[in-house]
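Let me begin by presenting the structure, written as structure tokens, before commenting on it.
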Amino acid sequence: MSRKPIIAGNWKMNNNKAEAKELVDGIMYGISQLDGSKMPEVVIAPSYTALWQAYDLIKNEPKIALAAQNVNPNPSGAYTGEVSINMLQDFKVKYVIIGHSERRQMFGETDEFINKKAKAILANSMLPIICCGETLEQREAGVTDSHLASQITKALQGLTSAEVEKSVIAYEPIWAIGTGKSCDSTEANRTIGEIRKVVANLYSQDTADKIRILYGGSVKPSTIVEQMAQSEIDGGLIGGASLKAESFVDLIKGAM
Ligand code: 13P
């Protein structure tokens with residue numbers, strides 16, 4: 001089963017206009033030196049305020065796709081501070097990251113709200129990158145697999161197999177995010193295999209074989225080759241190491 005790998009940079013709350021331009025220019029220069037036929041799908045997720053500029057800079061560069069870090073699932077209306085799907089479509093946003101642990105933990109997002117976002121995104125021809133992950137306490141208590149199964153089952157509720165096949169899941173153990181301590185590659189591979197089994201049970205083996213499941217959590221140029229060598233890991237969702245063009249391009253090279 002061949003699944004096209006993805007290297008996705010989640011910029012989080014970083015990069016003003018000038019910084020965003022420097023980073024996108026650097027990534028574009030870096031990938032211009034690479035063999036496009038071997039490249040993974042490259043995705044960048046700037047903050048909302050940098051989306052317009054990123055869109056403008058990459059609009060003639062088919063090798064880079066845009067993602068948003070969030071969306072409100074309601075079509076429009078009195079939701080102060082929120083951004084709609086229709087607004088993201090102005091910038092040809094392909095993916096939207098949903099269910100990130102930072103949004104679950106700091107902004108109280110529930111599985112139900114994440115499911116509502118997934119449905120709205122897919123109904124409007126964009127694709128969700130659905131994040132899931134366990135805390136250190138959950139890992140130590142041995143409930144990682146059941147917790148992830150619950151998160152994924154709730155996030156996918158009501159989606160068709162065709163919708164699930166084109167969606168992306170990112171397994172991001174919370175204890176590995178921003179800590180410099182990546183999950184051991186074989187354990188990340190095992191866990192992602194368990195997530196794939198959940199999808200197979202909910203849908204079919206065929207659907208599970210098609211959905212791409214990324215690993216995220218302190219992915220670095222020094223870890224990516226080993227991570228990409230794992231059979232279940234289809235790429236990376238990267239925070240810190242996506243903020244410098246050189247290291248992001250090294251991550252892309254590591255996935256080639
Ligand atoms: P870091 O790569 O900085 O650990 O962040 C991972 C992440 O949360 C990506 O969404």
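The values are calculated or read from the model by the stated rules, or taken from the named source; none is laboratory data. What you are looking at is a predicted structure, and each value in this text was computed from that prediction instead of being measured. All Cβ positions, glycine included, derive from the backbone under ideal geometry; neighbour counts span all protein chains shown. Please note that ligands, DNA and RNA were not included when accessible areas were found on the heavy atoms of the full protein model with its side chains. Shrake-Rupley method; radii C 1.70, N 1.55, O 1.52, S 1.80 Å.
The table that follows gives values for the structure above.
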| quantity | calculated |
| --- | --- |
| Filtered residue count, region 1-20, keeping only those that are within 16 Å of the ligand (Cβ to nearest atom), among the hydrophobic types (A, V, I, L, M, F, W, C) and surrounded by 16 or more Cβ atoms within 10 Å (Cβ to Cβ) | 4 |
| Single residue of region 37-60 satisfying the filter (open to solvent by 40 Å² or more (accessible area, probe 1.4 Å) and assigned to a helix (DSSP H, G or I)) that is farthest from the ligand (Cβ to nearest atom) | SER37 |
| Answer residue from region 117-158, given it is more than 19 Å from the chain's Cα centre (by Cα) and acidic (Asp, Glu) and is farthest from ILE85 (Cα to Cα) among those | GLU140 |
| Matching residues, region 89-144, being within 16 Å of the ligand (Cβ to nearest atom) and either among the β-branched types (Val, Ile, Thr) or open to solvent by 70 Å² or more (accessible area, probe 1.4 Å) (or both) | VAL96, ILE97, ILE98, GLN105, MET106, PHE107, ILE114, ILE129, ILE130, THR135, LEU136 |
| Within region 160-171, considering residues that are in contact with a Leu (Cβ under 8 Å, 6 or more places away or on another chain) and open to solvent by 10 Å² or more (accessible area, probe 1.4 Å), the one farthest from the ligand (Cβ to nearest atom) | GLU163 |
| Per-region count, region 219-240, residues of a type in the set (D, E, K, R) and farther than 15 Å from ILE252 by Cβ | 2 |
| Matching residues in region 72-106 - criterion: being under 14 Å from the mean Cα position of the chain (by Cα) and not acidic (Asp, Glu) | VAL93, LYS94, TYR95, VAL96, ILE97, ILE98, GLY99, HIS100, SER101, ARG103 |
| Selection from region 21-36 of residues that are surrounded by fewer than 22 Cβ atoms within 10 Å (Cβ to Cβ), at pLDDT 95 or above and either within 21 Å of the chain's Cα centre (by Cα) or not in a loop (DSSP other than H, G, I, E, B) (or both) | LYS21, GLU22, ASP25, GLY26, MET28, TYR29, GLY30, ILE31, SER32 |
| Helices (runs of 4 or more DSSP H) lying entirely in region 197-256 (those with 1 or more residues that are open to solvent by 30 Å² or more (accessible area, probe 1.4 Å), within 16 Å of the ligand (Cβ to nearest atom) and over 19 Å from LEU66 (Cβ atoms)) | 221-228, 245-254 |
| Residue match in region 70-85 (condition: in a loop (DSSP other than H, G, I, E, B), of a type in the set (Val, Ile, Thr), modelled with pLDDT of 95 or more and open to solvent by 10 Å² or more (accessible area, probe 1.4 Å)) | yes |
| Inter-residue pairs, beta-carbon under 9 Å, first under 14 Å from CYS131 (Cα atoms) and part of a helix (DSSP H, G or I) and in region 91-112, second open to solvent by 60 Å² or more (accessible area, probe 1.4 Å) and more than 11 Å from the ligand (Cβ to nearest atom), 6+ apart | ARG104/THR110; ASP111/LYS154; ASP111/GLN157; GLU112/LYS154; GLU112/GLN157 |
| Check on ASN124, under 19 Å from LEU156 (Cβ atoms) and not hydroxyl-bearing (Ser, Thr, Tyr) | yes |
| Any chance GLN69 is under 18 Å from the mean Cα position of the chain (by Cα) and under 16 Å from ILE44 (Cβ atoms) | yes |
